[in-house]
Amino acid sequence: GGDTRVVDRPEILPAAAVRRAVGAREDGFIAEIDALEIGFSAVSLGAGRSSMDDELDHAVGIEILAPVGSEVEKGEPIAAVHASDEGSADSVSGRIAAAFGYSSVRPERGSRVLEDVGTPAAGDAFSRSRVDDHRDA
């Protein structure tokens, strides 16, 4: 449950005070992006919580401009940091840049499924029917 008006009117979302481009560290193809580092960086900006008591800042975050497979030139923007102040943007910009890995050749697009762990048996606590039963309770 959020404000569904933002779908048609994204300008009603809060805007960060600082928007900082993060440039590619080298020429080549984006081969990988460390999602965990991006996530930790977003939390340090205030876009996520380290504890339940932490307040969220809905204006801050990280925008990926060059996904895996993109061809980039050194210095070209690959991400944008949306921060509440210059110091916060400074503190994560290097971490974001380091989260991108490069290759001289375009990476092959692999499957997003890493492993099939099977289908739960009927009556298993994690089976679809049991999950649906718990939602209705």
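In loop segments of segment 1-68 as defined by DSSP, the GluC sites (Glu not before Pro) with at most 14 further C-beta atoms inside 10 Å of their C-beta are Glu26, Glu55.
For segment 82-99 versus segment 1-31, the spacing of their alpha-carbon centroids is 14 Å. Here each label is just a point 7 Å from Cα along the line to Cβ, and for Glu55 and Asp116 those points are 4.9 nm apart.
Please give the net charge around Val81, taking every other residue with its beta carbon less than 10 angstrom from that of Val81, where Lys and Arg add +1 and Asp and Glu add -1. Charge balance in the 10 Å sphere: +1.
For segment 2-66, which trypsin sites (Lys or Arg not before Pro) are in a loop by DSSP, counting at most 14 other Cβ atoms within 10 Å?
On the way: sites: Arg5, Arg19, Arg20, Arg25, Arg49; in loops: Arg25, Arg49.
Counting only loop positions with at most 14 other Cβ atoms within 10 Å, the trypsin sites (Lys or Arg not before Pro) in segment 2-66 are Arg49.
When Lys and Arg each count +1 and Asp and Glu each count -1, what net charge do the other residues less than 13 Å away from Ile38, Cβ to Cβ, add up to? Here the count lands on -3.
Laboratory data are not the source of any read-out in this text; all were calculated from the coordinates shown. Everything numeric here is computed off the predicted structure, so don't read it as measured data. Neighbour counts run over all protein chains shown; Cβ positions are idealised from the backbone, glycine included.
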